[in-house]
Amino acid sequence: MDLLIGTLVLRPYVFGFLAAFLVAGAIDLGWRRTLLFGAWVGPAAWLAEYSSTRTGVPFGLYHYTGSTHGQELFLADVPLMDCLSFTFLAYAAFCLARAVLRGTPPPAPAVAVVAGGLMMLLDVVIDPLAVRGDRWFLGRIFYYPEGGVYFGVPVSNFVGWMIVGMVGVGGYLRLSGWHEGRTSGLTVGAGGQVGRAFDGYGRRVWPGIALYYAVLAFNLVLTGWIGEWLLLGVGAAMHAVTAAILWNLALRPATRLGLEKQRA
């Protein structure tokens, strides 16, 4: 119990985002499927972290310093807060992916791939900031023995994040029973509301999208706070371009539908 309280006190921002995930998920998927999402993604993320600290797969080899042992909960050598973080990051990416792939429901693998890519893009900002944790309130909790080409982070880490995002979202869709063949007519409205909800695909995506950009903003602000202006500029520019592309893609089905109605 002391370690649980210590984890809450030491990482309040993680639990704030986790609470946002639970509320957004309940609105979108319902409580049962939200808990299913967390129950699948959390252990999958822990397994990936556990494997990476020993074999380098899938994130590349890194080590936790153990500097907060006795202050927060660990599962083996992996801090609990890391596993919990993947749940809300994967869910936020899942929501944004559904907004982009709106219209006729796409195959589950397409949703998983897009969500994995979007979650990896968050890590373009998150991980370089995290390896500088000794300069803010995260602390120096892990390190890459050989460093990395992208602000001290190896490319393998981003590949691993995409894989974990794909496995997390794809596994959830499989476990929840969602199949594109049973969701004909599902659409996402301008307010992020899905017209019909079948088999775990969800009803309302906008709270999860807000969570995605809240996490991004939090990390960008901290990046500026520690004075990493180049990292801030690169991360902000990358996400600005991505947002413009996503916005264009999301508008296309609605535009086509509008033109078809005008012609009719």
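The values are calculated or read from the model by the stated rules, or taken from the named source; none is laboratory data. If you're wondering where the values come from, they're calculated on a predicted model, not measured in any experiment. Glycine also receives a Cβ, built like all others from the backbone with ideal geometry; neighbour counts cover every protein chain displayed. For the accessible areas, the whole protein counts, side chains as well, though only heavy atoms, and no ligand, DNA or RNA atoms are used. Shrake-Rupley method; radii C 1.70, N 1.55, O 1.52, S 1.80 Å.
Descriptive notes on the structure:
- Taking the criterion of being among the charged types (D, E, K, R) and part of a helix (DSSP H, G or I), the residues of the range 112-137 that qualify are D123, D127, D134, R135.
- Residues that are assigned to a helix (DSSP H, G or I) and without any contact (Cβ under 8 Å) to a residue 60 or more places away in the chain within the range 1-14 comprise D2, I5, L8, V9, P12, listed in sequence order.
Conditions (1) buried (at least 18 other Cβ atoms within 10 Å of the Cβ); (2) of a type in the set (K, R); (3) at pLDDT 95 or above, marked per residue:
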site: G165; (1), (2), (3): yes, no, yes
site: R174; (1), (2), (3): no, yes, no
site: H179; (1), (2), (3): no, no, no
site: G189; (1), (2), (3): no, no, no
site: F218; (1), (2), (3): no, no, yes
site: E228; (1), (2), (3): yes, no, yes
site: W247; (1), (2), (3): no, no, no
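- Pairing each residue of the range 155-177 that is farther than 10 Å from A90 by Cβ with any residue that is of a type in the set (K, R), provided the two are 6+ apart or on different chains, yields C-beta distances under 6 Å for S176/R33.
- The condition of being buried (at least 19 other Cβ atoms within 10 Å of the Cβ), assigned to a loop (DSSP other than H, G, I, E, B) and touching a residue at least 60 places away in the same chain (Cβ under 8 Å) holds for only one of G25, G60, that being G60.
- Taking the range 59-80 as the range and being under 21 Å from the mean Cα position of the chain (by Cα) and of a type in the set (V, I, T) as the test, only V78 passes.
- Restricting attention to the range 73-90, the residues that are open to solvent by 30 Å² or more (accessible area, probe 1.4 Å), farther than 13 Å from S52 by Cβ and in contact (Cβ under 8 Å) with a residue 12 or more places away in the chain total 4.
- Considering Y64, Y50, the condition of being touching an Asp or Glu at 6+ places or on another chain (Cβ under 6 Å) and aromatic (F, W, Y) is satisfied by Y64 alone.
- The requirement of being among the β-branched types (V, I, T) and either open to solvent by 30 Å² or more (accessible area, probe 1.4 Å) or modelled with pLDDT of 95 or more (or both) is satisfied by V114.
- Taking the numbered list (1) without any contact (Cβ under 8 Å) to a residue 40 or more places away in the chain; (2) open to solvent by 30 Å² or more (accessible area, probe 1.4 Å); (3) more than 21 Å from W247 (Cβ to Cβ); (4) of a type in the set (V, I, T) in turn, T65 passes all entries but (1).
- For the range 30-41, the condition holds for at least one residue, the condition being that it is closer than 21 Å to Y213 by Cα, under 19 Å from the mean Cα position of the chain (by Cα) and either basic (K, R) or open to solvent by 10 Å² or more (accessible area, probe 1.4 Å) (or both).
- Positions within the range 137-163 being open to solvent by less than 70 Å² (accessible area, probe 1.4 Å), farther than 20 Å from A115 by Cβ and hydrophobic (A, V, I, L, M, F, W, C), in sequence order: L138, I141, F142, F151, V153
Yes or no, residue by residue, for (1) among the acidic types (D, E); (2) farther than 15 Å from M120 by Cα; (3) assigned to a helix (DSSP H, G or I):
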{"position": "Y201", "(1), (2), (3)": "no, yes, no"}
{"position": "P207", "(1), (2), (3)": "no, yes, yes"}
{"position": "A217", "(1), (2), (3)": "no, yes, yes"}
{"position": "G233", "(1), (2), (3)": "no, yes, yes"}
{"position": "M238", "(1), (2), (3)": "no, no, yes"}
{"position": "T242", "(1), (2), (3)": "no, no, yes"}
